[in-house]
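Read through the structure below, which is laid out as structure tokens, and then see the notes.
What follows is calculated from the coordinates using simple rules that are stated; it is not laboratory data. Quantities reported herein were computed from a predicted structural model and do not represent experimental measurements. Using ideal geometry, Cβ is built from the backbone for each residue, glycine included, and neighbour counts are taken over all protein chains shown.
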Amino acid sequence: MKYGWLTDIHLEFLKDRLASRFVKNLAEQEFDGLFLTGDISTAKRLEFHLQLFEDVFEGPVYFVLGNHDYYGGEIEAVREMVGKISTASSILHWLPASGVVELSCDTCLVGHGGWADGRLGDYSGSKVLLNDYLKISNFLRAGVVGRLALLGSLGDQAAAWLASLLPGALQRYQHVIVLTHIPPFKDACRHEGEISTDDWLPHFSCKAMGEVLAAAMKNAPEKQMTVLCGHTHSSGECQVLANLLVKTGGAQYGAPEVQEIIAVPA
């Protein structure tokens, strides 16, 4: 079976007819399914863009949300909307709501969009101001004083969700594929071929999730994990452990593309 992996496709940067054409072209490539690792659209356009997949794609579309998917909205409201869409759909599967998804007798899929938790790099010395903090209601309410606590809470939430799923998944399956948006390790957080600096790392990586993934794989040395993430718009790979590989997808605004074809033995 072959799955197309896409990340940071940002369909909001395309005119509707071009976004529709892009999704139709994906359908014509005869993938068995798709993996989308976040930043599909923005809050006000997300339902429309997910519907494009519903209309033309025949296989399952497994996806997580990225930070841009919440722009112009509130985190809880966007998640509630996406949960309802996914529940009503025959092909759209929002991770984490789908839990552990069996792809084959040996391979399963889990995921959570995650969030940068401010714990890698130098948060206190960083001059970076992401649009997240200006375009997502939760961060506007938190303000500068409450921002770090909110980042940590969101990162911990994602890590706890995966921690609840991984033991069972690793007990049953030989290979676990994890979809997330935020790079969970420093070495996976790359921009233009280089590891992000301490200014950017707090806003582009999730230490809490990385700790959960690494601990799970240290406890299951005979199993394998592949993590697919995005966010940085710069591609790369890092072998965190002998059995833990992380791939970060590259991207350009206005030019969505398939990152890689992920082969899953039947």
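Specify whether the C-alpha gyration tensor of the range 56-137 places it in the rounded, prolate or oblate class, a ≥ b ≥ c being the square roots of the eigenvalues: rounded for a/c under 1.5, otherwise prolate if a/b is larger than b/c and oblate if not. Working shown, then result.
Values: a/c = 3.14, a/b = 1.69, b/c = 1.86.
Oblate, because a/c is 1.5 or more while a/b does not exceed b/c.
Given the options Met217, Ile195, Ala116, identify the residue whose Cα lies farthest towards the positive end of the charge dipole of the chain (+1 on Cβ of Lys, Arg; -1 on Cβ of Asp, Glu).
Farthest towards the positive pole: Ala116.
What ³J(HN,Hα) values, in whole Hz, does the Karplus curve 6.51 cos²θ - 1.76 cosθ + 1.60 give for the range 208-221 when θ = phi - 60°, with x put for Gly and Pro?
Working through the residues one at a time gives 4, 5, x, 5, 5, 5, 5, 4, 4, 7, 5, 7, 9, x Hz.
Report the FRET efficiency, 1/(1 + (r/R0)^6), for Gln252 and Ala160, where r is their Cβ-Cβ distance and R0 is 45 Å, rounded to 0.05.
The formula returns an efficiency of 0.85 here.
Return the percentage of antiparallel bridges among DSSP beta bridges fully within the chain, rounded to the nearest 5 %.
Antiparallel: roughly 30 percent of the beta bridges in the chain.
Taking 24 Å as the cut-off for C-alpha to C-alpha distance, list the pairs among Lys2/Lys247; Lys84/Lys247; Lys2/Lys207; Lys223/Lys247; Lys2/Lys24 that go past it.
Working: Lys2/Lys247 17 Å; Lys84/Lys247 30 Å; Lys2/Lys207 30 Å; Lys223/Lys247 18 Å; Lys2/Lys24 17 Å.
In this structure, Lys84/Lys247; Lys2/Lys207 exceed 24 Å between Cα atoms.
Sequence-distant or interchain residues sharing an amide H contact under 5 Å with Ser205, placed H: which?
Hits under the 5 Å cutoff: Asp117, Gly118.
Could you pull out which residues in the range 245-266 have an amide N less than 19 Å from a spot 7 Å beyond the Cα of Gln29, following the Cα-Cβ vector?
247-265
From a point 7 Å beyond the Cα of Ala242 in the direction of its Cβ, which residues of the range 163-189 have a backbone N at a distance under 17 Å?
175
State, to one decimal in nm, how far the label point of Asp16 lies from the label point of Arg141, with both points 7 Å from Cα in the Cβ direction.
Each label point lies 7 Å from its Cα, and together they span 3.2 nm.
Give the residue list of GluC sites (Glu not before Pro) in the range 144-234 that are DSSP loop and have at most 13 other beta-carbon atoms within 10 angstrom.
Sites meeting the loop and neighbour criteria: Glu192, Glu222.
Where in the chain is the longest stretch that carries no trypsin sites (Lys or Arg not before Pro) classed as loop by DSSP and with at most 11 other Cβ atoms within 10 Å?
With trypsin sites (Lys or Arg not before Pro) excluded where exposed in loops, the chain gives 128-266 as its longest stretch.
Run the simple label-point estimate for Ser153 and Thr197 please: 7 Å along Cα→C-beta, distance reported in nm.
Result for the modelled spin labels: 3.1 nm.
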